[in-house]
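Down below is the structure, laid out as structure tokens.
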Amino acid sequence: MKFMSKSENDKLWPIFKPVLKQYMLPRWYLIAGGVVAGMLAAASAGFGLPFMTQYIFPIVFGTAEMPAMLQEWIAGWVAPEDMPQVIMWVAAAFIPLVMAVRGLSTYANTYLLTRAGTEALLDLRVDVFARLQWLSFSYHDRRTRGDLMTLVIQYTQMAQQGMVTILNELVIQPLTLVAAGGYLVYAACSNDESAILLGNLLISCAIVPIVRGVGKRMAKQMQKALKDMNVITTVVEETFSAQREVRAFNLESHRENLLRTIIRKYNSLIIRMNAWKSSVAPSVEFVSALALAYSLYRGCSDGLTLEQFSAIAFAFYFCYEPVKHLGNIANQIQIMAVGIKGINEVLHAKDETPEPAVPARLEHPVAGAVDFEHVTFGYNEEKTVLKDINVHVPAGQVVALVGPSGSGKTTFINLICRFYDPNSGCVKLDGVDLRNISREDRTRSIGLVSQFAALFRDTIYENIRVGKPGADKEAVLKAARQARVDEFAESTPEGYDRMLGEGGAGLSGGQRQRISIARAFLKNAPVLILDEATSALDMKSEAAIQAELDELAKGQTTFVIAHRFSTIRMAQRILVFEEGRIIADGAHADLYENCTLYRHLYDEQVRQAEEEKETEVEA
């Protein structure tokens, strides 16, 4: 009786094989113990209960005698007058004994296999999370946050639940079916009533096409449901991460209606799936009822006793109950395959910024010279963002990047950090292609203060120490003072042990940015990138911290992106970007005189700065 065709098995095995091999095989001892326990549970249920019905119950009720050999053995221990009572007790004792074996072995089977599946889930979920962190930015650009969260949480949970359920059922149910079928064969041979057995087996085959059809439909529904779950997670994540905008633009009802529409679609799919799933059990039970009715008719016609028929009815039940469970397992496998397929895509996704097989050694200390050699890059094939960039930045030079939005400044920085690899050309650090430098060496050599400070749900102290994990307290506090974090951190009783909310909730934008700058002070990397580092600060705060940034940049190769030109006055060199090209390269005075775009941008910034000053004076 096959609930899945050979072609379906051939399709599913490559999907399951990597996960089973990597996460379940190391726990073979738990699975082996569960299998042995399942064998005992199956034998005691499928064979033991029908056997008791036919042979033990009649002895208890006095309609049959105990085997002579067992009676002789008991007679050697008890007085003749006590024999009837003892025989009845011995026969009755088989009932709790069989049930105890069945109960304990079922418990051991469930515990051992559930433990194997749960431990596998732990490793699987962490591995998926770790792999997503290592995959390139290009991969993340193609996926939504909701999609990634669904992968880490829902897909892995689906895989774990499927593995536990399938392991439990695939051990006990087939063995129960074999044991019950074995008893039917034994009963048929003993009573020469094989027609009853054969008739039931033929009728049972009618359930196979039903289960197969349900499984295929459920797999298709699950694929659609998971896509909708991705959308639901994305809508929720976007709404909660943009609460200020949602409330400022009165979008509460709009987002609520959007979520309701998607959830209704998702619920419709889930209801449809459950309807298909629920159809398996009644179908099996109806077929079982037909088979039992046929058995009853043939049994009465052929003169079966009540004990014999009751035992066969028990055996039929323990045959069809596993069939019902195995039908659900076939459907569960189809659903589980959807989740594991998504997991395999992550675990085996191509890393577009792979680690070098043999990393090149950087000279220590790293000087910090950066070279772009004929670099061309685009985030997709339709649009090229950087076009044939050639730049040499000597170690220790401070370089400002200016230009209109979308001109390629941030992309230039992304390539220095190796968030992406160039489509052509190469980016070098101290003369070594970044693609040949290990991630550890590269991240240790480059410090980044981005426009949006990413803070974690932790203390101020630990958020600063992100810049250099394992740094001692003295170094952390020194970096905090350099970035003027002490001005607000020490104003509360908790001090640096103050717990921050998600994303730094409870701090102003300027305070969050100061913590980000403190990380750069702590890291003290030879290459420093300031990507709108003071954008969240007002002009007064910016002026206060600018001297510290000037000090931080001394002796380091520094790249500064800023819309406020006051921030780049420390620059020894300015690169002007326009439509993916560097159209000018030089000092401020030369560029102001010879570069029309730079002069326009500078004059516009001066005008905006004067307006801000006037606004502050009026306030």
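The values are calculated or read from the model by the stated rules, or taken from the named source; none is laboratory data. The structure displayed is predicted, hence computed values, not measured ones. Neighbour counts run over all protein chains shown; Cβ positions are idealised from the backbone, glycine included. Heavy atoms of the whole protein, side chains included, go into the accessibility calculation; ligands, DNA and RNA do not. Shrake-Rupley method; radii C 1.70, N 1.55, O 1.52, S 1.80 Å.
Applying a threshold of 8 Å to beta carbon distances and a minimum spacing of six or more residues, or different chains, the list of pairs starting in the range 505-527 at a residue that is at pLDDT 80 or above and ending at one that is open to solvent by 50 Å² or more (accessible area, probe 1.4 Å) and among the β-branched types (Val, Ile, Thr) reads Arg519/Val466. Screening Gly431, Gly425, Gly406 for residues that are farther than 23 Å from Met570 by Cα, modelled with pLDDT under 90 and of a type in the set (Gly, Ala, Ser) leaves exactly one candidate, Gly406. Residues being crowded, with 16+ Cβ neighbours inside 10 Å, assigned to a strand (DSSP E or B), among the β-branched types (Val, Ile, Thr) and modelled with pLDDT of 80 or more are entirely absent from the range 326-340. Modelled with pLDDT under 70, in a loop (DSSP other than H, G, I, E, B) and of a type in the set (A, V, I, L, M): which single residue out of Ala536, Ala609 fits that description? It is Ala536. Which residues, counting only those in the range 153-172, are surrounded by fewer than 19 Cβ atoms within 10 Å (Cβ to Cβ) and at pLDDT 75 or above? Of everything in the range 153-172, those that are surrounded by fewer than 19 Cβ atoms within 10 Å (Cβ to Cβ) and at pLDDT 75 or above turn out to be Ile153, Gln154, Gln157.
Please give the number of the condition Thr558 fails out of (1) part of a strand (DSSP E or B); (2) at pLDDT below 90. Evaluating Thr558 over (1) part of a strand (DSSP E or B); (2) at pLDDT below 90 leaves (2) as the failure. Out of curiosity, is Leu175 modelled with pLDDT of 80 or more and either touching a Ser or Thr at 6+ places or on another chain (Cβ under 6 Å) or farther than 30 Å from Ser241 by Cα (or both)? For Leu175, the condition - modelled with pLDDT of 80 or more and either touching a Ser or Thr at 6+ places or on another chain (Cβ under 6 Å) or farther than 30 Å from Ser241 by Cα (or both) - is not met.
Criterion applied to Ala475, Ala454, Ala489 was being touching a helix residue (DSSP H, G or I) at 6+ places or on another chain (Cβ under 9 Å) and either open to solvent by less than 30 Å² (accessible area, probe 1.4 Å) or free of Cβ contacts under 8 Å to residues at least 24 places away in the same chain (or both), and the one residue passing it is Ala489.
For Val385, the conditions (1) among the hydrophobic types (A, V, I, L, M, F, W, C); (2) within 25 Å of His600 (Cα to Cα); (3) open to solvent by less than 20 Å² (accessible area, probe 1.4 Å) all hold with the exception of (3). Taking the condition of being out of contact with any Ser or Thr (no Cβ under 9 Å at 6 or more places or on another chain) and not in a strand (DSSP E or B), how many residues in the range 381-390 meet it? Residues that pass the stated criteria total 2. Taken over the range 391-437, the criterion of being open to solvent by 30 Å² or more (accessible area, probe 1.4 Å), of a type in the set (S, T, N, Q), within 24 Å of Lys554 (Cα to Cα) and not in a loop (DSSP other than H, G, I, E, B) is satisfied by Thr410 alone. Here Tyr461 clears all of (1) under 30 Å from Gln482 (Cα atoms); (2) not in a helix (DSSP H, G or I) except the condition numbered (2). Scanning the range 562-612 for residues that are in contact with a helix residue (DSSP H, G or I) (Cβ under 6 Å, 6 or more places away or on another chain) and small (Gly, Ala, Ser) yields a total of 2.
Confirm whether Asp441 is open to solvent by 20 Å² or more (accessible area, probe 1.4 Å), in contact (Cβ under 8 Å) with a residue 24 or more places away in the chain and not in a loop (DSSP other than H, G, I, E, B).
yes
Cβ-Cβ under 9 Å, sequence separation 6+ or interchain: first residue in the range 227-246 and within 14 Å of Tyr155 (Cα to Cα), partner among the basic types (Lys, Arg) and part of a helix (DSSP H, G or I). Which pairs? From the range 227-246, the pairs are Asp228/Lys265; Thr233/Arg145.
Filtered by the rule that a residue be surrounded by 14 or more Cβ atoms within 10 Å (Cβ to Cβ), assigned to a helix (DSSP H, G or I) and among the hydrophobic types (A, V, I, L, M, F, W, C), the range 590-606 gives Leu591, Leu597, Leu601. Within the range 565-579, at least one residue is of a type outside the set (A, V, I, L, M), in a helix (DSSP H, G or I) and open to solvent by less than 30 Å² (accessible area, probe 1.4 Å).
Working carefully through the options Gly467, Gly503, Gly495, find the one that is open to solvent by less than 20 Å² (accessible area, probe 1.4 Å) and within 29 Å of the chain's Cα centre (by Cα).
Answer to the selection: Gly467.
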